[in-house]
Amino acid sequence: MNAIFERTSVRQYTNKKADPKTIETILKAGCAAPSAVNKQPWELIVVTDPARLAELAKFSPYAVCVQDAAFAVVVCADTNRHFGDAYDVQDLSALSENMLIEAKDLGLGGVWLGGYPETDRVDWLRRYFDLPDSIQPYWVLSFGYPAHDLEPKQKWDPARIHWETFEK
Ligand SMILES: Cc1cc2nc3c(=O)[nH]c(=O)nc-3n(C[C@H](O)[C@H](O)[C@H](O)COP(=O)(O)O)c2cc1C
């Protein structure tokens, strides 16, 4: 699938908005992810309002790109409906990567903006969205139409692959 190989983190966007159908398709791609014991613990807060995006950009020192995003998704877990905190991280990671790849496939770009395990960032999200105790925020995904063409980073290194045994 080309979108997997062509995806790269996009932090600069044009001012083009994403239509609701496009946003929904990206969200559906996320929710098609595998999930431990099929608990699907995800709860997603979609932010499209420019004033709220400008505020959300303050959740982390490394999230300034959110202020120019077409939309952002705050990735959370419902701890009343999960298999365990450690599984939430894995389920939400699978969901997030699906969304980034789908965005690429639809001509958008996105970037994963780290929250967990930085407690100050997670606490910021909890306060800003006034989340109930059972909803655990993890991180934010920022999406928009890329302002520039970007080449994906080359990561493939056959030396990292170990066939049958871990030879030393
Ligand atoms: C868990 C995680 C946290 C990240 N946090 C940030 C972040 O806070 N800000 C940012 O600009 N990029 C963040 N990134 C994006 C990485 O910097 C990026 O994926 C990495 O440099 C590889 O580049 P690529 O995505 O273009 O392949 C994060 C990625 C992951 C997986």
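The values are calculated or read from the model by the stated rules, or taken from the named source; none is laboratory data. Only a predicted model underlies this, so the values are computations on that prediction, with no experimental measurement involved. We place every Cβ from the backbone using ideal geometry, glycine too, and count neighbours over all the protein chains shown. For the accessible areas, the whole protein counts, side chains as well, though only heavy atoms, and no ligand, DNA or RNA atoms are used. Shrake-Rupley method; radii C 1.70, N 1.55, O 1.52, S 1.80 Å.
Against the numbered list (1) touching a Leu at 6+ places or on another chain (Cβ under 7 Å); (2) more than 20 Å from T25 (Cβ to Cβ); (3) not hydrophobic (A, V, I, L, M, F, W, C), H82 comes up short only at (1).
Applying the criterion of being under 21 Å from A147 (Cβ atoms) and touching a helix residue (DSSP H, G or I) at 6+ places or on another chain (Cβ under 6 Å) to the residues of the range 7-35, the residue that is least open to solvent (accessible area, probe 1.4 Å) is I26.
Conditions tested, residue by residue: (1) part of a helix (DSSP H, G or I); (2) aromatic (F, W, Y); (3) open to solvent by less than 40 Å² (accessible area, probe 1.4 Å).
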{"residue": "H82", "(1), (2), (3)": "no, no, no"}
{"residue": "A103", "(1), (2), (3)": "yes, no, yes"}
{"residue": "V111", "(1), (2), (3)": "no, no, yes"}
{"residue": "D123", "(1), (2), (3)": "yes, no, no"}
{"residue": "R126", "(1), (2), (3)": "yes, no, no"}
{"residue": "V140", "(1), (2), (3)": "no, no, yes"}
{"residue": "E167", "(1), (2), (3)": "no, no, no"}
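Give the residue, chosen from D78, D88, that is more than 19 Å from I23 (Cβ to Cβ), touching a residue at least 12 places away in the same chain (Cβ under 8 Å) and open to solvent by less than 10 Å² (accessible area, probe 1.4 Å). So that I can check it myself, show each step before the final result.
Numbers: D78 fails: open to solvent by less than 10 Å² (accessible area, probe 1.4 Å).
Going through D78, D88 in turn, just one is more than 19 Å from I23 (Cβ to Cβ), touching a residue at least 12 places away in the same chain (Cβ under 8 Å) and open to solvent by less than 10 Å² (accessible area, probe 1.4 Å): D88.
Within the range 93-110, residues that are farther than 14 Å from F71 by Cβ and in contact (Cβ under 8 Å) with a residue 24 or more places away in the chain sit with their Cβ atoms under 7 Å from residues that are among the acidic types (D, E) and part of a helix (DSSP H, G or I), at 6+ positions apart or across chains, in these pairs: K104/E6.
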